[in-house]
Each structure stands twice: as structure tokens, then as C-alpha cells.
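The values are calculated or read from the model by the stated rules, or taken from the named source; none is laboratory data. Predicted model, so just to flag it, every value in this text is computed and none were measured. Here the Cβ positions follow ideal geometry from the backbone for every residue, glycine too, while neighbour counts run over all protein chains shown.
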Amino acid sequence: MSESSAPFWKTKRLDDMSEAEWESLCDGCGRCCLIKMEDEDTGRYYFTDVACKLFDAGTCRCRDYPNRDKEVPDCVRLTPENAGSLGWMPPSCAYRLLSEGKNLPEWHPLVSGDPKTVETAGVSIRNRVFALENEVSIPELVERIRKWPGQWPRRPSSSVTKMGK
Ligand code: SF4
Ligand code: SF4
């Protein structure tokens, strides 16, 4: 493949991409919208299967993406500068993959041409969210720590019951 016909994510640096190109890198998996807990002693992060209060479990998207900073001040805005340094970003996230010099996987919509492949490949958190953060107590949140959001995707073997359908 010549350089001119190669897709933009193979030829451009993250900070050279247009806004539309940058946004298209998000596969919509929703994993970054799951609540994380940090062990202050070790700095290690733990994912839960509880999502941010602004997450829409039906569409698997933020309910107010343009204004998310107002309602969720600690929602981290991804930039070319921080994409490679956020230790809690899922290993499947395109921003993390590209910032680490890796390629996009075959299930990424830009590669497959089909947004549904994010779900069929087990990347999406659709039907895997137990609850929203405002629906669980802190002790219950601790009980909801899960390994799968921080691992390379596998097809889910079962759905959760509280919120999942
Ligand atoms: S983890 Fe990455 S690809 Fe998935 S929703 Fe978040 S920003 Fe998008
Ligand atoms: S504010 Fe929106 S984008 Fe940010 S974590 Fe919550 S649901 Fe996700």
C-alpha cells in the first residue's frame, strides 16, 4: 500500500489529525466510562462494571458529551498529549494503541467498516454494565471490581443482571 492510499491513522501522528479523524478513533466501547478505583499505596487502578452517572447504557454513549465537563468535572478529556500516559485507559482503546505505536485491531470500525464489530468482538460494555455510579454505595462499588475492562477483549460469556438486559 502506498503512503498516499494508507489510512490516516497509519500516516498521521495523533497531534496532526483533524478533529473528525481524532473523534473517529473512538470505537464507542464505553470502557473508559466505567468507574475506576485507585489503590493509593500502589497506584494501581481497578475497573468496576459500574458506569459514570452520565453514561447511557442503552446507546453505550455519554448522555451529554459536549457538556460533560460541567456535570462530571473529573471526566478526563483525551488529547494527543495525554493519550499515552493515562494508566487506566483500556488496552483496546485506539488512542492508547496508536500512542504506543500499535495498529488498530480488525474489529475497530475504521478497519471493519461496521460499528457492530465492537460489540460482536466483546469490546463494547453494552449489556455488561451493572449500574450507574449514583445507584450503588461505595461498599457495593468495591464489590463490583472486575478484571475484564482492563484486559484485551474477549466475547462476554454472560451478561450482568441488575442493569443488563
Ligand atoms: S476506551 Fe477509548 S475507544 Fe473506548 S470509548 Fe473510551 S475513548 Fe473511545
Ligand atoms: S462524562 Fe460522559 S464521557 Fe465522561 S466518563 Fe461520564 S459518560 Fe463517559
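Can you confirm whether segment 47-60 contains a residue that is in a loop (DSSP other than H, G, I, E, B), at pLDDT 95 or above, under 24 Å from GLU140 (Cβ atoms) and within 15 Å of ligand 1 (Cβ to nearest atom)?
Of all residues in segment 47-60, those in a loop (DSSP other than H, G, I, E, B) come to 52-54, 57-60.
Now narrow it down to the ones that are at pLDDT 95 or above: 52-54.
Still in the running and under 24 Å from GLU140 (Cβ atoms): 52-54.
Adding the requirement that they be within 15 Å of ligand 1 (Cβ to nearest atom) leaves 52, 54.
Checked against the condition, which is being in a loop (DSSP other than H, G, I, E, B), at pLDDT 95 or above, under 24 Å from GLU140 (Cβ atoms) and within 15 Å of ligand 1 (Cβ to nearest atom), segment 47-60 yields at least one hit.
If I filter segment 32-40 for residues that are more than 20 Å from ARG154 (Cβ to Cβ), away from ligand 2 (no atom under 14 Å from the Cβ), within 14 Å of the chain's Cα centre (by Cα) and not in a helix (DSSP H, G or I), do I get at least one hit?
Checking segment 32-40: not a single residue is more than 20 Å from ARG154 (Cβ to Cβ), away from ligand 2 (no atom under 14 Å from the Cβ), within 14 Å of the chain's Cα centre (by Cα) and not in a helix (DSSP H, G or I).
Considering only residues that are in contact with a Cys (Cβ under 8 Å, 6 or more places away or on another chain) and not in a loop (DSSP other than H, G, I, E, B), look in segment 75-109 and name the one that is farthest from ligand 2 (Cβ to nearest atom).
Residue satisfying both the conditions and the ranking: ALA94.
Would you tally the residues in segment 61-88 being farther than 19 Å from ASP16 by Cβ, touching a Phe, Trp or Tyr at 6+ places or on another chain (Cβ under 7 Å) and within 12 Å of ligand 1 (Cβ to nearest atom)?
The number of residues fulfilling the criteria is 2.
Being surrounded by fewer than 21 Cβ atoms within 10 Å (Cβ to Cβ) and closer than 23 Å to ASP49 by Cα is the filter here; which residues of segment 98-130 pass it?
Correct list: PRO115, LYS116, THR117, GLU119, THR120, ALA121, GLY122, ARG126, ASN127.
Tell me which residues, restricted to segment 15-33, are closer than 18 Å to GLY101 by Cβ and within 10 Å of ligand 1 (Cβ to nearest atom). It would help to see each step written out before you state the result.
Here is the first cut: in segment 15-33, the residues closer than 18 Å to GLY101 by Cβ are 15-17, 21-22, 25.
If the condition is that a residue be closer than 18 Å to GLY101 by Cβ and within 10 Å of ligand 1 (Cβ to nearest atom), then LEU25 is the only one that fits.
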